[in-house]
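Student: Got a structure for you, written out below as structure tokens; questions coming shortly.
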């Protein structure tokens, strides 16, 4: 199976885009903001919140960053005009993080300021290990200026994550709590900086979750793992976490049955809505980062559920 996955991973980027779209469209809202609005309205009507993400990352020119910034500003107006119950997620490398950190900060600050005008919220995605320190620094600057309108993603498979949280506790208060999305992590990292085994990652996820709940930090519990979901229920009860201090989060198109079971139990859940013309490189990069997805993709061509 491993050889099969590697084979599919290697040849998929060479295949026609129309073929790749067959599986991608299950996990991506579409190529336009109109697609994102349509999907978001449907999910809102089912009782879910959303977070909107324009696809794109690791740009090579700052003029691309400016284009992405302006597109996000337009997206915010469109989402607000359509009265979508949702907020925004973005990847700093899409705004020049690895080219010019100060330019990246200015671009993202402009976006956050626009969201603040609508009393909305922007979450900074965490990318691979070369970006972690830069993205924490970026978050720190933005959190200081916009204390209730910006959050950060944390990756449980990174060995450093709990220490990173503790280093940010000076920004935490009852009036403006820290706000994190806790996910497992997808990027391929060396073993010395990231847990590799399933049970290790899950154990660290729950260790971090304990700390977040215990300290009153707003938490987006981002997982599709039934084990982690069930343990999250236990921890929410243990720490008597108020309903307005957490939410579950899931990717669009993934484990819809589990997603529905969570909201049916009365918990709030936000669906991550990726869209945009950059869907093809996004899809193929994700395959390279996680070759195990290949067999799931082939299955997705024939199975729905």
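Just so it is clear, none of the values below were taken in a lab; they were calculated from the coordinates. Just so it is clear, the model here is predicted, and its values are computed rather than measured. Positions of Cβ are generated from backbone atoms using ideal geometry, with glycine treated the same way; all protein chains shown enter the neighbour counts.
Student: Can you pull out every residue in the stretch 187-203 that is over 26 Å from residue 122 (Cβ atoms) and assigned to a loop (DSSP other than H, G, I, E, B)?
Tutor: 188, 190, 191, 192, 193, 195, 196, 197
Student: Can you pull out the residues in the stretch 209-226 that are within 20 Å of residue 255 (Cβ to Cβ) and surrounded by 18 or more Cβ atoms within 10 Å (Cβ to Cβ)?
Tutor: 209, 219, 220, 221, 222, 223
Student: Hey, another quick one. Quickly run through the stretch 81-113 and pick out the residues that are out of contact with any helix residue (DSSP H, G or I) (no Cβ under 8 Å at 6 or more places or on another chain), in a loop (DSSP other than H, G, I, E, B) and in contact (Cβ under 8 Å) with a residue 24 or more places away in the chain.
Tutor: At the first step, the residues of the stretch 81-113 found to be out of contact with any helix residue (DSSP H, G or I) (no Cβ under 8 Å at 6 or more places or on another chain) are 81, 83, 89, 91, 102, 106, 113.
Adding the requirement that they be in a loop (DSSP other than H, G, I, E, B) leaves 83, 91.
Scanning the stretch 81-113 gives a single hit, 91.
Student: Read through the list (1) within 15 Å of residue 126 (Cα to Cα); (2) not in a strand (DSSP E or B), then give the number of the only condition that residue 220 fails.
Tutor: Residue 220 satisfies every listed condition except (2).
Student: Considering 96, 151, which residue is surrounded by 19 or more Cβ atoms within 10 Å (Cβ to Cβ) and at positive phi? Please lay out each step first, then the result.
Tutor: Working: 151 fails: at positive phi.
Answer to the selection: 96.
Student: Restricting to the stretch 143-170, name every residue that is in a strand (DSSP E or B) and more than 22 Å from residue 105 (Cα to Cα).
Tutor: Once the filter is applied, which keeps residues that are in a strand (DSSP E or B) and more than 22 Å from residue 105 (Cα to Cα), the stretch 143-170 yields only 158.
Student: Go through the stretch 171-186 and report how many residues are touching a helix residue (DSSP H, G or I) at 6+ places or on another chain (Cβ under 9 Å) and either under 20 Å from residue 221 (Cβ atoms) or assigned to a helix (DSSP H, G or I) (or both).
Tutor: The initial filter retains those residues of the stretch 171-186 that are touching a helix residue (DSSP H, G or I) at 6+ places or on another chain (Cβ under 9 Å), namely 171, 176-180, 182-186.
Next, from what is left, pick out any that are either under 20 Å from residue 221 (Cβ atoms) or assigned to a helix (DSSP H, G or I) (or both): 171, 177-180, 182-186.
Residues that pass the stated criteria total 10.
Student: Scanning for something in a helix (DSSP H, G or I) and over 18 Å from residue 64 (Cα atoms), does the stretch 117-124 turn up at least one residue?
Tutor: Scanning the stretch 117-124 turns up at least one residue that is in a helix (DSSP H, G or I) and over 18 Å from residue 64 (Cα atoms).
Student: Which residues, counting only those in the stretch 204-217, are over 20 Å from the mean Cα position of the chain (by Cα) and outside any helix (DSSP H, G or I)?
Tutor: Hits for the stretch 204-217 are 215, 216.
Student: How many residues does the stretch 138-166 contain that are in contact with a helix residue (DSSP H, G or I) (Cβ under 8 Å, 6 or more places away or on another chain) and more than 23 Å from residue 228 (Cβ to Cβ)?
Tutor: The qualifying residues number 11.
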